[in-house]
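Okay, structure first, notes after.
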Amino acid sequence: MTLHIHTPLIESRPLSLAAGATVRLKLDALQPCGSFKLRGVGHACEIHHGRGARHFVSSSGGNAGLAVAYAGRTLGVPVTVVVPETTTERAKQLLRLEDAKVVVHGSSWQEANELALTLVGAEDAFIHPFDDPLLWAGHASLVDEVAAAGFKPDAVVLSVGGGGLLSGVVQGLQRNGWDDVPVLAVETRGAASLHAAMQAGHTVELPGIASVASSLGAKRVAEQALACTRAHPVHSHVVSDRAALQACERFLLDHRLLVEPACGAALALAYDEQTLASYSRVLVVVCGGATATLEQIQAWLKQAH
Ligand SMILES: *Cc1c(COP(=O)(O)O)cnc(C)c1O
């Protein structure tokens, strides 16, 4: 038994027609807490629980925090999530629905994270949102499920924030002998910390995040994410907020699933008929995201460039 579920792998007719390739969707938006994060976070929480952890601490007001809250409730372990003042009411509400204790502190994630770290006692476990080998090992299960279904893609499209999903998917591709399958790693302009690292040849800290895709808003990617781009074919793509938001709207019509702009970034690449022209069997990781509403996406779209 795992905390995450095996998600459907379906062919998308609308995306296949748009991309001129067979496009299959790995629907991790259907994980019980709304995103792929439960794969890695659930795995990490189970390991810490097995080692006797009495309390989980997270500093993510987004999908990572929700996954920790879900895992803790399911395992019977109390959870504290420290979030900055900028966190939306909706995100806090979702955390409380999972019985997490929500502490609001500081004007940025850095400050919330600092307080969170001071709350981690000797018998507690701190769960990082993207930079932990336990997370990557858990995220890799996504590729195992695709391999078990007998679908070998010739490209994988996914979104990149701090690079945990990328690190896990690359690990999954390699452990299934798919070293030759390239990953198209998509970020939004204003949150493109992997793109910046690949250009510089080392990880760099962005001065700030200027994108509505808050789940991609890691100012610096994990070292492991950059290492993946050296060990595996990874192509970096950057899309506009506008393209990501439009992809969210279009995907809602096409597949009746509401996802965050963070996920819309990967979908935007798949909806673009140019980019996938050289591939014939494409896997799109529908990473999901629970914190956006349709009203918010429409309001952002009115202002987006
Ligand atoms: C966390 C998250 C991402 C980015 O994942 P990383 O592991 O930080 O790269 C993308 N989309 C959604 C919906 C997320 O919650």
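Worth a mention:
Here is a yes/no grid of residues against (1) outside any loop (DSSP other than H, G, I, E, B); (2) touching a helix residue (DSSP H, G or I) at 6+ places or on another chain (Cβ under 8 Å); (3) modelled with pLDDT of 95 or more; (4) not small (Gly, Ala, Ser):
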| residue | (1), (2), (3), (4) |
| --- | --- |
| Leu165 | yes, yes, yes, yes |
| Gln199 | yes, no, yes, yes |
| Val221 | no, yes, yes, yes |
| Gln224 | yes, yes, yes, yes |
| Arg230 | yes, no, yes, yes |
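- Of the residues making up the stretch 74-116, those that are within 15 Å of Ala64 (Cβ to Cβ), hydrophobic (A, V, I, L, M, F, W, C) and at pLDDT 90 or above are Val79, Val81, Val82, Val83, Ala91, Leu94, Leu95, Ala100, Val102, Ala112, Ala116.
A quick yes/no check of all residues on (1) closer than 22 Å to Val146 by Cβ; (2) outside any strand (DSSP E or B); (3) without any contact (Cβ under 8 Å) to a residue 60 or more places away in the chain:
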{"site": "Met1", "(1), (2), (3)": "yes, yes, yes"}
{"site": "Leu25", "(1), (2), (3)": "yes, no, no"}
{"site": "Phe56", "(1), (2), (3)": "no, no, no"}
{"site": "Leu66", "(1), (2), (3)": "no, yes, no"}
{"site": "Ala69", "(1), (2), (3)": "no, yes, yes"}
{"site": "Glu85", "(1), (2), (3)": "no, yes, yes"}
{"site": "Arg90", "(1), (2), (3)": "no, yes, no"}
{"site": "Leu95", "(1), (2), (3)": "no, yes, yes"}
{"site": "Asp99", "(1), (2), (3)": "no, yes, yes"}
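- Extreme residue, surrounded by the fewest Cβ atoms within 10 Å (Cβ to Cβ), among residues of the stretch 237-284 that are among the β-branched types (Val, Ile, Thr) and within 16 Å of the ligand (Cβ to nearest atom): Val238
- Selection from the stretch 247-301 of residues that are touching a Leu at 6+ places or on another chain (Cβ under 8 Å) and among the acidic types (Asp, Glu): Glu249, Asp254
- Selected residue [in a helix (DSSP H, G or I) and outside the structural domain of Tyr279 (by TED's automatic domain parsing)] from Gly61, Gly42: Gly42
- Residue tally, condition at positive phi and within 12 Å of the ligand (Cβ to nearest atom), over the stretch 142-165: 1
- Odd one out for Ala91 among (1) within 12 Å of the ligand (Cβ to nearest atom); (2) outside the structural domain of Ser58 (by TED's automatic domain parsing); (3) surrounded by fewer than 24 Cβ atoms within 10 Å (Cβ to Cβ): (2)
- If only residues of the stretch 167-196 that are in a loop (DSSP other than H, G, I, E, B) and within 13 Å of the ligand (Cβ to nearest atom) are counted, the one that is surrounded by the fewest Cβ atoms within 10 Å (Cβ to Cβ) is Ala192.
- Asp131 within 13 Å of the chain's Cα centre (by Cα) and surrounded by fewer than 19 Cβ atoms within 10 Å (Cβ to Cβ): yes
- Residue tally, condition hydrophobic (A, V, I, L, M, F, W, C) and more than 14 Å from Val160 (Cβ to Cβ), over the stretch 194-215: 4
- Among the candidates Phe36, Phe56, residue that is within 16 Å of the ligand (Cβ to nearest atom) and either surrounded by 24 or more Cβ atoms within 10 Å (Cβ to Cβ) or β-branched (Val, Ile, Thr) (or both): Phe36
- Matching residues, the stretch 101-125, being of a type in the set (S, T, N, Q) and touching a residue at least 24 places away in the same chain (Cβ under 8 Å): Ser108, Asn113
- Filtered residues of the stretch 17-30 (kept if near the ligand (Cβ under 10 Å from one of its atoms) and either within 16 Å of Val81 (Cα to Cα) or not aliphatic (A, V, I, L, M) (or both)): Asp28
- Under the condition of being within 21 Å of Thr118 (Cβ to Cβ) and either part of a helix (DSSP H, G or I) or within 21 Å of the chain's Cα centre (by Cα) (or both), the residues counted in the stretch 45-54 number 2.
- Just one of the listed residues (Val143, Val181) is modelled with pLDDT of 95 or more, touching a Gly at 6+ places or on another chain (Cβ under 6 Å) and of a type in the set (Val, Ile, Thr), and it is Val143.
- Comparison of Gly61, Gly42, Gly65 shows that the only residue that is at pLDDT below 95, within 28 Å of His255 (Cβ to Cβ) and within 16 Å of the ligand (Cβ to nearest atom) is Gly61.
- Test result for Thr74, away from the ligand (no atom under 16 Å from the Cβ), over 15 Å from Val120 (Cα atoms) and surrounded by fewer than 24 Cβ atoms within 10 Å (Cβ to Cβ): yes
The values are calculated or read from the model by the stated rules, or taken from the named source; none is laboratory data. Only a predicted model underlies this, so the values are computations on that prediction, with no experimental measurement involved. Glycine also receives a Cβ, built like all others from the backbone with ideal geometry; neighbour counts cover every protein chain displayed.
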